[in-house]
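One structure is given below, encoded as C-alpha cells.
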Amino acid sequence: MKFLMQLALVSLSTLAAAKDYEFDMFYPSPPATGCGGTPEHISDNGSKGCSTGFHKGAASSWKLSGLKDGCVVTFYADRDCKESSKLDWIDGKSPNGQCKTMPNYTAARAFDVKCS
C-alpha cells in the first residue's frame, strides 16, 4: 500500500510539472552551428508575448523537449517579433530531440508563444 501511495504522489508531481512548451536554445560561436555547448532551457505554460529573454543575446539553434497541442513557438531575427523577421517556428510537426539550426545561420533574438 505504501508503494502505491508513493507511486501516486510521483505521478501527481509529474503531471503538475508538465509545461505547455519546453525547448533548449544553443549559442555556438560562429562559424560553428548545431547544438553544442551548454543550452539554455526555456519552458512555461500558456501564450507568451514577444520575449527577448535569451541570456546570451541571440541563439543559433534549438532542440524541442515537449510541446502541447495547439501551441506554436516562433523565433525572430529582431527584438520586436515583427512578422518580416520571422526565422523559424516550433509546432506540432516539429521533431522532439533533434537539433535544428536557424535558417541561413541567422541568430534569433526574440521569440513568442501562442497556445490555443
Between the stretch 35-56 and the stretch 66-98, the Cα center-to-center distance that results, in Å: 11 Å
Spin-label zone in the stretch 47-66 - amide nitrogen under 14 Å from a point set 7 Å from the Cα of Gln98 along the C-beta vector: 62-65
The stretch 24-89: C-alpha gyration tensor shape, a/c 1.5 cut-off, then a/b vs b/c: oblate
Cα gyration tensor shape of the stretch 66-113, rounded if a/c is under 1.5, else prolate or oblate by comparing a/b with b/c: oblate
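Read-outs: derived from the displayed coordinates by stated rules, not from any lab. Here the structure is a predicted model, which is why all the values come from computation and not from measurement. Virtual Cβ from ideal backbone geometry, glycine too; neighbours counted across all protein chains shown.
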